[in-house]
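A.B. asks: Here it is, the structure, as structure tokens.
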């Protein structure tokens with residue numbers, strides 16, 4: 001670490017109630033845990049990536065940190081977006097509905113069976129500016145996707161109960177519609193809902209606006225290519241062509257690179273899931289934070305407590321903090337199933353400290369004033385690289 005910084009103290013709980021403190025290079029020969037000096041392995045990579053990540057954060061969220069006036073303007077813009085339906089987030093006990101399809105039927109017959117007016121529709125052939133799909137109050141599994149023929153001007157939805165105020169004949173059969181000229185809006189309503197934006201027809205030049213509604217909702221985006229999720233409010237933000245509000249959980253695509261970027265004012269009450277495989281990243285860019293506590297729960301999962309905010313993740317590769325964080329704690333005492341033999345490496349290159357190991361996802365951050373490492377009850381090994 002830089003010579004101008006206060007030498008960090010690494011704190012490790014030993015058997016009993018006392019706490020032992022180490023400075024870099026100091027070894028406790030009487031304890032089963034070992035400290036050794038190790039050559040840099042990930043520090044330079046962390047430095048390069050963090051510089052690039054800081055630039056991306058500035059482009060996405062503007063000057064860092066965002067001013068209160070700017071944050072208010074962002075919140076106001078989301079609240080007044082005609083494609084977004086008002087959302088109140090709260091815990092919901094509703095269960096997701098069955099996805100079992102009903103046999104195809106004449107729309108009028110199906111409408112009578114469902115108690116709907118005879119105006120129920122099985123497809124939407126009219127070109128409009130905005131097409132709005134709505135869910136039920138009991139929980140929905142909704143999917144938006146291309147109809148399978150890219151560029152033909154048609155797409156499909158499944159799981160929605162109505163479109164532009166007209167009941168859909170069978171919510172559990174694919175509902176085809178002409179691509180609107182401006183946007184596709186989805187209001188999930190109440191219940192525990194899952195919305196998947198799988199693919200978009202190449203002729204669609206607009207965006208998708210999704211509102212989770214009341215309940216515990218999840219948004220999954222599996223569009224082709226890599227994606228940056230810019231979270232800028234409570235469960236709200238943008239991800240490519242998708243704008244969202246009122247979601248508790250966010251999930252990325254398999255085999256790609258998702259970047260979950262939490263800016264000023266961002267929060268998420270549920271979980272970030274990077275998706276299977278790929279190289280997915282979480283970045284805390286909403287600071288500066290006075291302190292950050294990292295609670296690993298597995299090789300690719302854990303929890304960050306940054307100030308008053310809590311961020312949970314699974315299925316990620318590196319994690320980062322953008323901007324200064326004076327006090328950092330990495331706590332392995334309770335989040336992992338003990339006894340686990342942790343091998344932890346701490347190194348600093350170019351003003352960036354990285355904590356990594358075989359039982360935790362790596363975490364990189366600007367050199368702090370104080371770094372505290374709390375190991376668990378197993379036979380742990382703590383190694384210091386370049387500092």
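A.B. asks: Scan the range 148-167 for residues that are within 27 Å of residue 251 (Cα to Cα), in contact (Cβ under 8 Å) with a residue 24 or more places away in the chain and in a strand (DSSP E or B) and jot them down.
C.D. replies: 154, 155, 157, 162, 163
A.B. asks: Okay, next question. Need at least 3 residues that are under 23 Å from residue 265 (Cα atoms) per element, so show me which strands (runs of 3 or more DSSP E) inside the range 291-387 make the cut, counting only ones lying wholly within it.
C.D. replies: 291-298, 301-306, 309-314, 319-321, 327-331, 360-366
A.B. asks: For the range 272-283, does any single residue satisfy the condition of being farther than 28 Å from residue 256 by Cβ and either surrounded by fewer than 21 Cβ atoms within 10 Å (Cβ to Cβ) or at pLDDT 95 or above (or both)?
C.D. replies: Scanning the range 272-283, I find no residue that is farther than 28 Å from residue 256 by Cβ and either surrounded by fewer than 21 Cβ atoms within 10 Å (Cβ to Cβ) or at pLDDT 95 or above (or both), so the answer is no.
A.B. asks: Answer with yes or no whether residue 145 is under 27 Å from the mean Cα position of the chain (by Cα), closer than 25 Å to residue 213 by Cα, modelled with pLDDT of 85 or more and assigned to a loop (DSSP other than H, G, I, E, B).
C.D. replies: no
A.B. asks: Evaluate the following for residue 287: is it farther than 27 Å from residue 201 by Cβ, touching a helix residue (DSSP H, G or I) at 6+ places or on another chain (Cβ under 7 Å) and at pLDDT below 95?
C.D. replies: When the stated conditions are applied, residue 287 does not pass them.
A.B. asks: Return yes or no: is residue 327 in contact with a strand residue (DSSP E or B) (Cβ under 6 Å, 6 or more places away or on another chain) and farther than 16 Å from residue 281 by Cβ?
C.D. replies: yes
A.B. asks: Now for a different question. Out of the range 180-199, which residues are touching a strand residue (DSSP E or B) at 6+ places or on another chain (Cβ under 6 Å) and more than 24 Å from residue 216 (Cα to Cα)?
C.D. replies: 180, 182, 183
A.B. asks: For the range 232-254, indicate whether the set of residues that are in contact with a helix residue (DSSP H, G or I) (Cβ under 9 Å, 6 or more places away or on another chain), touching a residue at least 60 places away in the same chain (Cβ under 8 Å) and not in a strand (DSSP E or B) is non-empty.
C.D. replies: no
A.B. asks: Of all the residues that make up the range 198-221, how many are outside any loop (DSSP other than H, G, I, E, B) and under 15 Å from the mean Cα position of the chain (by Cα)?
C.D. replies: Number of matching residues: 4.
A.B. asks: Looking for whichever is surrounded by fewer than 24 Cβ atoms within 10 Å (Cβ to Cβ), under 25 Å from residue 303 (Cα atoms), within 18 Å of the chain's Cα centre (by Cα) and at pLDDT below 95 here; the options are 224, 254. Which one fits?
C.D. replies: Result of the check over 224, 254: 254.
A.B. asks: Hey, does the range 357-364 have a residue that's touching a helix residue (DSSP H, G or I) at 6+ places or on another chain (Cβ under 8 Å), closer than 30 Å to residue 219 by Cβ and either surrounded by fewer than 21 Cβ atoms within 10 Å (Cβ to Cβ) or at pLDDT 90 or above (or both)?
C.D. replies: Yes: one or more hits.
The values are calculated or read from the model by the stated rules, or taken from the named source; none is laboratory data. Predicted, not measured: the structure shown is a model, and the values here were computed from it. Every residue, glycine as well, gets a Cβ built from its backbone with ideal geometry; the counts of neighbours run over all protein chains shown.
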